[in-house]
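Scroll down for the structure; my scribbles are underneath it.
The values are calculated or read from the model by the stated rules, or taken from the named source; none is laboratory data. Just so it is clear, the structure is predicted and the values come from calculations on it, not from any experiment. All Cβ positions, even for glycine, are placed from backbone atoms using ideal geometry, and neighbour counts span all protein chains on display. Keep in mind that these areas ignore ligands, DNA and RNA; they rest on the heavy atoms of the full protein, side chains included. Shrake-Rupley method; radii C 1.70, N 1.55, O 1.52, S 1.80 Å.
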Amino acid sequence: MRRRFFVEKFVAQHAAMKGEAAHHLGRVLRAQPGQLYELSDGTSVWLGRIESVDRDRVDFKLVEELPAHKLALETTLLLAVVKFDAFEWALEKATELGVSHIVPLAAERSERGLLAAAAKRADRWQKILIESSQQSRRVQLPTLHPLTKLEAAFTTFHEGVRVLLSESEEALPLKSILDGKQSNAAVLAVGPEGGWTEAEFAKARVTNFVEASLGHLILRSETAAATALATLNYALS
């Protein structure tokens, strides 16, 4: 199976890959003129033949357009910032599961030190999204939003089915909430270690988020995010 890479744009049956991606393809993968790769500009996908390889640039001639499989469900993940190794694992898996928007969330129980350092991780996180999108052969990259406070996120992202994962005994199973639902959009909110505060639950209710349970076992934030996204895909796609 040919590898897929992202390029900025297609121009007159040509495309150019620049910077770090071009360096990786040319120097690490040792790409040569004549080799074929799949290329996406975020809208369409083409089979491209390498014409030339320079230090930080690879030029392609577009050979034929390929099927671009668009995602049936537009999902926004509101993910509370947790320890970075776990958070970055969640970014990777969310991308593979087709999430459209990822919003790092400043929850009340998020560690202050992690929130302060989050902005410095943005480039690394964007690189994770690119690599995961290429690996999973997506057509379009997910959008990584800046660190957002919870109330702003709840009022800004409200398309389709709105779900807040909860450990409360009163929370309904996610499966039962999704039974019979028909929507091409969903917003999923996943809290930090220690869970949501009562004030955050109240803000969620005001913005029509439904509390949902993933069962009696207590899952880490990254595991809960992947599990819930897979369930949303199954139920709504």
Segment 118-214: helices (runs of 4 or more DSSP H) wholly inside it with 1 or more residues that are among the β-branched types (V, I, T) and open to solvent by less than 40 Å² (accessible area, probe 1.4 Å) are 122-135, 174-178
So in segment 60-93, with the set limited to residues that are of a type outside the set (A, V, I, L, M) and at pLDDT below 95, which one is nearest to K149 (Cα to Cα)?
K70
Out of (1) of a type outside the set (G, A, S); (2) in contact (Cβ under 8 Å) with a residue 24 or more places away in the chain; (3) surrounded by fewer than 16 Cβ atoms within 10 Å (Cβ to Cβ); (4) assigned to a strand (DSSP E or B), the odd one out for E65 is which?
(2)
Going through segment 89-102 one residue at a time, which ones are out of contact with any Pro (no Cβ under 7 Å at 6 or more places or on another chain), open to solvent by 20 Å² or more (accessible area, probe 1.4 Å) and not hydrophobic (A, V, I, L, M, F, W, C)?
E92, K93, E96
If we keep only residues of segment 215-225 that are in contact (Cβ under 8 Å) with a residue 12 or more places away in the chain and open to solvent by 20 Å² or more (accessible area, probe 1.4 Å), then the residue nearest to the chain's Cα centre (by Cα) is E222
Quick check on segment 89-107: of everything there that is touching a Ser or Thr at 6+ places or on another chain (Cβ under 6 Å) and in a loop (DSSP other than H, G, I, E, B), which residue is farthest from A225 (Cα to Cα)?
S100
Report, ordered by the first and then the second residue, all pairs with beta carbons closer than 7 Å, sequence separation of six or more or different chains, a first member in segment 183-195 that is closer than 9 Å to L236 by Cβ and touching a residue at least 24 places away in the same chain (Cβ under 8 Å), and a second member that is open to solvent by 10 Å² or more (accessible area, probe 1.4 Å) and of a type in the set (D, E, K, R).
N184/E74; A185/E74; A185/E159
Suppose the filter is outside any loop (DSSP other than H, G, I, E, B) and in contact with a helix residue (DSSP H, G or I) (Cβ under 7 Å, 6 or more places away or on another chain); does A224 pass it?
no
Return the pairs, sorted by first residue and then second, in which the second residue is outside any helix (DSSP H, G or I) and open to solvent by 70 Å² or more (accessible area, probe 1.4 Å), the first residue lies in segment 126-137 and is over 16 Å from H101 (Cα atoms) and touching a residue at least 60 places away in the same chain (Cβ under 8 Å), the beta carbons are less than 8 Å apart, and the residues are 6+ apart or on different chains.
Q134/R3
Looking at this structure, is K18 out of contact with any helix residue (DSSP H, G or I) (no Cβ under 8 Å at 6 or more places or on another chain), closer than 30 Å to A186 by Cβ and of a type in the set (K, R)?
no
If a residue has to be of a type outside the set (D, E), without any contact (Cβ under 8 Å) to a residue 60 or more places away in the chain and either under 17 Å from V139 (Cβ atoms) or crowded, with 16+ Cβ neighbours inside 10 Å (or both) to count, how many in segment 27-48 make the cut?
7
Among the residues of segment 11-26 satisfying the criterion of being free of Cβ contacts under 8 Å to residues at least 24 places away in the same chain and farther than 15 Å from Q134 by Cα, which is surrounded by the most Cβ atoms within 10 Å (Cβ to Cβ)?
V11
